[in-house]
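In what follows, a structure is listed as structure tokens, so that the remarks can point back to it.
The values are calculated or read from the model by the stated rules, or taken from the named source; none is laboratory data. Since we're looking at a predicted model, the values are computed, not measured. Glycine gets a Cβ as well: all are built from the backbone with ideal geometry, and neighbour counts include every protein chain shown.
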Amino acid sequence: MNRESFLECAMLRQRYSAELRHDDLSINGRAPELRGGTIARKAIEGNGEFTGVRPSKSPHAVNYTTRGLFEKCITDLSQLSMHFSADTRLTLTRRLKNLLSDEHWDDSDILPAETAFLTLLRCMLLLNIKRIPSLGTNGKGSLSATWLDGKNRITLECGAKDEVAYVLSKTVAEGKPERAAGHTKVVRLPKVLEAYDPKKWFDNGSKEA
Amino acid sequence: MAPKKLDGDHRIVRQVPYSRWIRGDNNEYLGVLYSAFTLRETDSYLSVAWCEYFNLSAEEQARAAIFELRAARPDKKSTGYWIAKISSIEEVLSPHRIRALHEPVEGFNSHAALRRWPEDDELLATLAQEAEADFLLSGDLFG
């Protein structure tokens, strides 16, 4: 690790140390190597030596690992940390860690795109989302974020470069569910969802899906 | 021999990895994502296990089907199994007139194929939300 990376890593750890325990940042039993801007493409043990990339069985294998992706997401979150509360950052980190851990991750799934989490963060900022979604994946490179409000449900499939697919179900006045699905860019999402009163999903006082 | 068409009253099991189910505050199950039912690029049908293939009690049938399914496709403790009646699936997806066929493969005798499967996200979201189904966790079943 060069001096710049070390300093950056130290700075990020310091920033997080007040709100996250070491365990919150570790994945698969190892603390992440925090590097800004670029994704870690190799597994690095405690002594800093290259130990190889975990082979993927997927025919659409990408050249980064769950751990590398987690590190990239944490870096993205740290760069936007001023926009999210400590609670939000902590819960997002824990849910992401759960999703990408060896305990839960299905190796036959394609990892979400490197910037999918950043797309989700941008959705949360633009829509002023206060509730933390349930995180998942469609197994084809997107990060799925789902919010429930009784029988009403919305899932945002966050992809690379601000691409978002949405699928929603909302009970209308007559008690019948209205459904919609489509693709758009993050910047268009508030306008697209306006007709469905999205605050019901995103801002009802609860932190959870 | 032509594959046997399965009765509407019979049940199928679909394997649902952790990343395809919706969780609440305490990691509890709240539902499944529609992407639990989307086809991979290489698939032309939805692959499931048929419970009534086994001549056992209803509970044991589901367990036996899950056992075969996890042997064919290894799971984790957090992997879920979505169990629904074929008629319930057919009802939600009625515009597509899906066909549930028993198509055993080597080592997976209860394997069934749900053919004419839709690729419409909105319709699959309806299935995820409205079909009556049970959900069992591998960790609860097998420890």
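I'm trying to understand the selection: among the residues of the stretch A:151-188, which are assigned to a strand (DSSP E or B), at pLDDT 95 or above and more than 11 Å from chain B (Cβ to nearest Cβ)?
A:156, A:158, A:163, A:164, A:184, A:185
Let me confirm something: among B:25, B:7, which residue is closer than 17 Å to residue B:62 by Cβ and touching an Asp or Glu at 6+ places or on another chain (Cβ under 9 Å)?
B:7 is the lone residue from the list that is closer than 17 Å to residue B:62 by Cβ and touching an Asp or Glu at 6+ places or on another chain (Cβ under 9 Å).
What number goes with the only condition from (1) in a loop (DSSP other than H, G, I, E, B); (2) over 22 Å from residue B:38 (Cα atoms); (3) aliphatic (A, V, I, L, M) that residue A:113 does not pass?
Failed condition: (2).
Assess whether residue A:107 counts as being in contact with a Lys or Arg (Cβ under 8 Å, 6 or more places away or on another chain) and charged (D, E, K, R).
yes
For the stretch B:65-143, give me every one of the helices (runs of 4 or more DSSP H) that falls completely inside it and has 1 or more residues that are of a type in the set (A, V, I, L, M) and within 16 Å of residue B:47 (Cα to Cα).
Fully inside the stretch B:65-143 and qualifying: B:86-92, B:121-130.
So in the stretch A:76-115, with the set limited to residues that are basic (Lys, Arg) and within 11 Å of chain B (Cβ to nearest Cβ), which one is farthest from residue A:144 (Cα to Cα)?
Out of the qualifying residues, it is A:94.
Go over the candidates A:123, A:73 one by one and state the one that is touching a strand residue (DSSP E or B) at 6+ places or on another chain (Cβ under 7 Å) and away from chain B (no Cβ under 13 Å).
A:123
When the stretch B:40-51 is examined, which residues are found to be surrounded by 13 or more Cβ atoms within 10 Å (Cβ to Cβ), more than 14 Å from chain A (Cβ to nearest Cβ) and over 18 Å from residue B:61 (Cβ atoms)?
The answer is B:45, and nothing else.
Which condition does residue B:37 not pass, out of (1) more than 12 Å from chain A (Cβ to nearest Cβ); (2) buried (at least 16 other Cβ atoms within 10 Å of the Cβ); (3) touching a helix residue (DSSP H, G or I) at 6+ places or on another chain (Cβ under 6 Å), if it passes all the others?
Unmet condition: (1).
Regarding the stretch A:187-206, can at least one residue be identified that is buried (at least 21 other Cβ atoms within 10 Å of the Cβ) and within 16 Å of the chain's Cα centre (by Cα)?
Within the stretch A:187-206 (the criterion being buried (at least 21 other Cβ atoms within 10 Å of the Cβ) and within 16 Å of the chain's Cα centre (by Cα)), the answer is no, since none of the residues qualifies.
Considering the stretch B:9-34 alone, what residues qualify as being farther than 21 Å from residue B:74 by Cα, out of contact with any Cys (no Cβ under 9 Å at 6 or more places or on another chain) and away from every other protein chain (no Cβ under 11 Å)?
Once the filter is applied, which keeps residues that are farther than 21 Å from residue B:74 by Cα, out of contact with any Cys (no Cβ under 9 Å at 6 or more places or on another chain) and away from every other protein chain (no Cβ under 11 Å), the stretch B:9-34 yields only B:9.
Tell me the strands (runs of 3 or more DSSP E) entirely within the stretch B:1-55 that contain at least 2 residues that are more than 19 Å from residue B:126 (Cα to Cα).
B:46-50
Which residues, taken from the stretch A:134-150, are outside any strand (DSSP E or B) and under 10 Å from residue A:201 (Cα atoms)?
A:150
Looking only at the stretch B:21-34, how many residues end up being of a type outside the set (A, V, I, L, M), buried (at least 17 other Cβ atoms within 10 Å of the Cβ) and without any contact (Cβ under 8 Å) to a residue 60 or more places away in the chain?
Within the stretch B:21-34, residues that are of a type outside the set (A, V, I, L, M), buried (at least 17 other Cβ atoms within 10 Å of the Cβ) and without any contact (Cβ under 8 Å) to a residue 60 or more places away in the chain number 1.
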